[in-house]
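S.K.: Once you've had a glance at the structure underneath, I'll fire off some questions.
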Amino acid sequence: MKEWSSFVGFVVKEFYHIFRDRRTAAILFGMPVIQLLLFGYAIRNEIQEVKIGIADLSRDAVSQAITDKILSSGTFVLVKNPQSHSEIQSAFRSGAMSEAVIFEPASDREIQREGSMDIQVITDGSDPNVSRIITGYTASVIRDYLSESATTVDEPKGVVPVPLMMFNPGLKSVYLFVPGLMALILMLVSALMTSISITREKESGTMEVLLVSSLKPIQIIVGKVVPYFLLSFINVVSILVIASLVFGVPCRGSVLLLMAESLLFIMTALSLGMFISTITSSQQVAMMISLGGLLLPTILLSGFIFPVASMPLPLQVISNVIPAKWYLIIVRAIMLKGAGFAVLWQETLVLAVMTVVLIGASLRNFSERLE
Amino acid sequence: MTSAVEVKGVTKKFKTVTALSNVSLTVGKGELFGIIGADGAGKTTLFRILCTLMLADEGRAEVLGFDARKEYRSIRSRIGYMPGRFSLYTDLSVEENLKFFATVFNTTVEENYELIADIYTQLEPFKKRMAGQLSGGMKQKLALCCALIHRPDLLLLDEPTTGVDAVSRREFWQMLGRLKEQGITILVSTPYMDEASLCDRVAFLQDGTILAVDTPVGITGLFTAPLFSVRANEKHKLLTRLRSYPHAKSVYAFGSSVHYTDHRPSASSEEIMRYLSESELQEITIERIEPGIEDTFMALMKTDDGSHHE
């Protein structure tokens, strides 16, 4: 009973630390919202307002119809009608244009006679991602046109793929970012904050006094972890609420399962933070390890932004030890695909094992004395 | 069990530095015991071993009858420890700090209030203030309250008065005197010689070895050479002049005067006066004085060659 009250006293003290330090409070509550809004509104993969130049050397019904179709899609904005190749080149160099479409002369006669025509599409290859997307988009607009007008000529020959983007038909990037952001924020709040708050006690000398008190090491550790556990959970809920209300990201699977998996991931991150704090004694080192050793891999290697499958083999192997990778798979599966536990038990098991190993290592490493 | 602390042959090394070498010490129950030593003498290491935060490489330490190595838990709940560095939460108020330390020691402020009442009444007007914003003296009083809140049998105070103004220092020592009357054993370290005379017994620590352990009066009894307090118009010249005197044993500045000891037991002030008046020094006064603790410490530091004076 008395032990319980001293534990509660410890947790209350932790909350004082969190709410009295403006920076901590800002990171804890401001960051999730700001990051979500940033990723949701400002940082997008979708291509909009592509500056296009159209050189129509044919000036007939077909070229006119295709031009109209391209411009009416809303993705492209016509900036000029270049008259020569040198004009196209200088426009690319100055960045005034990102794509040029050139119709060869007499395209309608060609399509009548041969059933085919040549359209040249030039893009600015210095930004390969954008180039790839806009050429694909342009090609699909043209394909659309051809299939619509197919009644007048022969049926298009050969195999025509009809793609369907399941789970995210609009290919909205916010669907991609929300799960990644949850992993990132939970890592940051749980691992970084816990490791800093424990090392701060070591640095300020208060750990000395705590050790020479009636508190047991397990009480100190758990007391440090509980506040961040609660706050992280609040963060998960608020991210999900914002994602669904502001960005319309659905949760197709069980919300309960998503919460349970998130709690597990929070535990993994907290135990990582604990582990970091047991191997360092200064806040700065703890911060460096957390930022360099956790945040960057969480962003780069977890599949948050770059797909794991397209990484070189060594990085793919490394990505397996990054908790966020497994959490990302789980969250995407539950939120977007509506998957259940039966599909995700392996990923869950990986996270659970990681957590147990980390907690074990931290308890073993936690020193009841000064080094 | 009559001794509160029993240290036998404790040695502690950090890589290449020997912080403590073969230290032995006994502190009786209810004693106010001082460890006097300069920075780096090993005071903090000794305290950390006693409060079980560090293990000795050799030797054994017993605190309140418990072995510091094996029974550290029993020791930890029975001692009050105040580290050398201010170790309270600066972002918690005076009141919150005290409450926090009461709860982690499974007690309440009310339960032991009478023990700290004397000290805490001085802090009460500032109880809502953050601990980080207190003055040096106030911080130490708060730290003492926090170390006392669970009514420990032994108080370990590592340099509690370092960096504290003279008035607060005197008040602090008066508080220690009253705590001692309550039956609490106090082990306190300090770099200030003048505080040694306020202890029941003192130990001089120098480079990890104990030079002497005795009562303040007993310590000064170790000083045998004749001691003179010498003054002149130019202190610096006086020092160099005295140092070149063939019979000089030790010469050092002591406040505004110079303390001089002679190799000859029969040395007289007239002789020294005669020697000094051959120089251009003026307004010379020489006085034979009784040695103080600081004089004894200086003498012990000089003569010590590893052997113990007990």
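S.K.: Name the single residue, out of those in segment B:113-131 being within 14 Å of another protein chain (Cβ to nearest Cβ) and either farther than 27 Å from A:V222 by Cβ or among the polar types (S, T, N, Q) (or both), that is farthest from the chain's Cα centre (by Cα). Outline the logic, then answer.
M.R.: Residues of segment B:113-131 that are within 14 Å of another protein chain (Cβ to nearest Cβ), as a first pass: B:128-131.
In the following step, the residues that additionally are either farther than 27 Å from A:V222 by Cβ or among the polar types (S, T, N, Q) (or both) were identified as B:128-129.
On the way: B:K128: 32, B:R129: 30 Å.
Out of the qualifying residues, it is B:K128.
S.K.: Can we say B:E195 is closer than 30 Å to B:F254 by Cβ and either assigned to a loop (DSSP other than H, G, I, E, B) or under 15 Å from the mean Cα position of the chain (by Cα) (or both)? Please lay out each step first, then the result.
M.R.: Values: closer than 30 Å to B:F254 by Cβ: yes; either assigned to a loop (DSSP other than H, G, I, E, B) or under 15 Å from the mean Cα position of the chain (by Cα) (or both): yes.
Considered against the rule, which asks whether it is closer than 30 Å to B:F254 by Cβ and either assigned to a loop (DSSP other than H, G, I, E, B) or under 15 Å from the mean Cα position of the chain (by Cα) (or both), B:E195 comes out as yes.
S.K.: May I ask you to list the residues in segment B:33-46 that are out of contact with any Lys or Arg (no Cβ under 6 Å at 6 or more places or on another chain) and assigned to a strand (DSSP E or B)?
M.R.: Selection gives B:G34, B:I36.
S.K.: Here's something else I'd like to know. Among the residues of segment A:284-309, which ones are among the aliphatic types (A, V, I, L, M) and either over 18 Å from A:V321 (Cβ atoms) or within 10 Å of the chain's Cα centre (by Cα) (or both)?
M.R.: Keep residues of segment A:284-309 that are among the aliphatic types (A, V, I, L, M), which gives A:285-289, A:291, A:294-296, A:299-301, A:305, A:308-309.
Hits for segment A:284-309 are A:V285, A:A286, A:M287, A:M288, A:I299, A:L300, A:I305.
Residues are listed down the side, and each one gets a yes or a no for (1) in a loop (DSSP other than H, G, I, E, B); (2) farther than 13 Å from B:K12 by Cβ; (3) more than 11 Å from chain A (Cβ to nearest Cβ); (4) out of contact with any Ser or Thr (no Cβ under 7 Å at 6 or more places or on another chain):
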residue	(1), (2), (3), (4)
B:R48	no, no, no, yes
B:A56	yes, no, yes, no
B:E62	no, yes, yes, yes
B:R69	yes, no, no, yes
B:Y81	no, yes, no, yes
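S.K.: Show me the helices (runs of 4 or more DSSP H) entirely contained within segment A:215-329 in which 3 or more residues are aromatic (F, W, Y) and more than 14 Å from every other protein chain (Cβ to nearest Cβ).
M.R.: A:217-246
S.K.: Output the number of residues of segment B:248-272 satisfying the condition of being over 15 Å from B:P226 (Cα atoms) and among the hydrophobic types (A, V, I, L, M, F, W, C). Before you say what the answer is, go through the steps one by one.
M.R.: So the first thing to find is which residues in segment B:248-272 are over 15 Å from B:P226 (Cα atoms), and the list is B:253-257.
The next check asks that each one be among the hydrophobic types (A, V, I, L, M, F, W, C); those that pass are B:253-254.
Qualifying residue count, segment B:248-272: 2.
S.K.: The conditions are (1) surrounded by fewer than 24 Cβ atoms within 10 Å (Cβ to Cβ); (2) more than 14 Å from every other protein chain (Cβ to nearest Cβ), and B:G42 fails exactly one of them. Which is it?
M.R.: With respect to (1) surrounded by fewer than 24 Cβ atoms within 10 Å (Cβ to Cβ); (2) more than 14 Å from every other protein chain (Cβ to nearest Cβ), B:G42 is out only on (1).
S.K.: Only one residue in B:T108, B:T90 is within 8 Å of chain A (Cβ to nearest Cβ) and in a loop (DSSP other than H, G, I, E, B), so which one is that? Walk me through how you get there before you give the answer.
M.R.: Working: B:T108 fails: within 8 Å of chain A (Cβ to nearest Cβ).
Answer to the selection: B:T90.
S.K.: Also, quick follow-up: Is it the case that segment B:159-177 has a residue that's within 12 Å of another protein chain (Cβ to nearest Cβ), within 23 Å of B:L25 (Cβ to Cβ) and assigned to a loop (DSSP other than H, G, I, E, B)? Working first, answer last.
M.R.: So the first thing to find is which residues in segment B:159-177 are within 12 Å of another protein chain (Cβ to nearest Cβ), and the list is none.
Within segment B:159-177, none of the residues are within 12 Å of another protein chain (Cβ to nearest Cβ), within 23 Å of B:L25 (Cβ to Cβ) and assigned to a loop (DSSP other than H, G, I, E, B).
S.K.: Sticking with this structure for a sec: Conditions first: (1) buried (at least 19 other Cβ atoms within 10 Å of the Cβ); (2) at pLDDT 90 or above. A:I221 passes all but one, so which condition is the exception?
M.R.: (2)
S.K.: Which residue pairs have Cβ atoms closer than 7 Å, lie 6 or more positions apart in sequence or on different chains, and pair a first residue in segment A:289-311 that is over 13 Å from A:M187 (Cα atoms) with a second residue that is outside any helix (DSSP H, G or I) and among the β-branched types (V, I, T)?
M.R.: A:L301/A:I322
S.K.: Further, regarding this structure: From the list A:S282, A:S310, A:S290, A:S271, pick out the single residue that is touching a Lys or Arg at 6+ places or on another chain (Cβ under 9 Å) and either of a type in the set (G, A, S) or outside the structural domain of A:F229 (by TED's automatic domain parsing) (or both).
M.R.: Result: A:S282 is the single residue among A:S282, A:S310, A:S290, A:S271 that is touching a Lys or Arg at 6+ places or on another chain (Cβ under 9 Å) and either of a type in the set (G, A, S) or outside the structural domain of A:F229 (by TED's automatic domain parsing) (or both).
S.K.: Then there is this: Taking A:I266 as the residue in question, decide whether it is surrounded by fewer than 14 Cβ atoms within 10 Å (Cβ to Cβ) and touching a residue at least 12 places away in the same chain (Cβ under 8 Å).
M.R.: The answer is no for A:I266.
S.K.: Out of the residues in segment A:276-292 that are out of contact with any helix residue (DSSP H, G or I) (no Cβ under 8 Å at 6 or more places or on another chain) and more than 19 Å from A:G205 (Cβ to Cβ), which is surrounded by the most Cβ atoms within 10 Å (Cβ to Cβ)?
M.R.: Among those residues, the one meeting the criterion is A:M288.
S.K.: Would a scan of segment B:236-251 turn up a residue that is closer than 26 Å to B:L198 by Cβ and in contact with an Asp or Glu (Cβ under 6 Å, 6 or more places away or on another chain)?
M.R.: Checking segment B:236-251: not a single residue is closer than 26 Å to B:L198 by Cβ and in contact with an Asp or Glu (Cβ under 6 Å, 6 or more places away or on another chain).
S.K.: In the list A:D60, A:D118, which residue meets the criterion of being in contact (Cβ under 8 Å) with a residue 24 or more places away in the chain and more than 30 Å from A:L230 (Cα to Cα)?
M.R.: Testing whether each residue is in contact (Cβ under 8 Å) with a residue 24 or more places away in the chain and more than 30 Å from A:L230 (Cα to Cα) leaves just A:D60.
S.K.: Here's another thing I want to ask about it. Restricting to segment A:196-205, and then to whatever is surrounded by fewer than 20 Cβ atoms within 10 Å (Cβ to Cβ) and without any contact (Cβ under 8 Å) to a residue 12 or more places away in the chain, can you tell me which residue is farthest from the other protein chains (Cβ to nearest Cβ)?
M.R.: Of everything passing the filter in segment A:196-205, A:S204 is farthest from the other protein chains (Cβ to nearest Cβ).
S.K.: Name the single residue, out of those in segment A:339-371 being surrounded by 15 or more Cβ atoms within 10 Å (Cβ to Cβ) and among the polar types (S, T, N, Q), that is farthest from the other protein chains (Cβ to nearest Cβ).
M.R.: Checked segment A:339-371; the qualifying residue farthest from the other protein chains (Cβ to nearest Cβ) is A:T348.
S.K.: One residue is enough: does segment B:202-224 have a residue meeting the conditions at pLDDT 90 or above and over 21 Å from B:S24 (Cβ atoms)?
M.R.: So far as segment B:202-224 goes, no, none of its residues is at pLDDT 90 or above and over 21 Å from B:S24 (Cβ atoms).
S.K.: Let me ask something else. Give, as residue ranges, the helices (runs of 4 or more DSSP H) completely inside segment A:1-110 that count at least 1 residues that are more than 14 Å from every other protein chain (Cβ to nearest Cβ).
M.R.: Hits in segment A:1-110: A:31-37, A:61-72, A:85-94.
S.K.: From A:D68, A:D60, grab the single residue that is surrounded by fewer than 13 Cβ atoms within 10 Å (Cβ to Cβ) and not assigned by TED's automatic domain parsing to the domain that holds A:S238.
M.R.: None of the other options fit; the residue is A:D68.
The values are calculated or read from the model by the stated rules, or taken from the named source; none is laboratory data. Not measured: the values here are computed from a predicted model. When we count neighbours, we look across all protein chains shown, and the Cβ atoms used for this are built from the backbone with ideal geometry, even at glycine.
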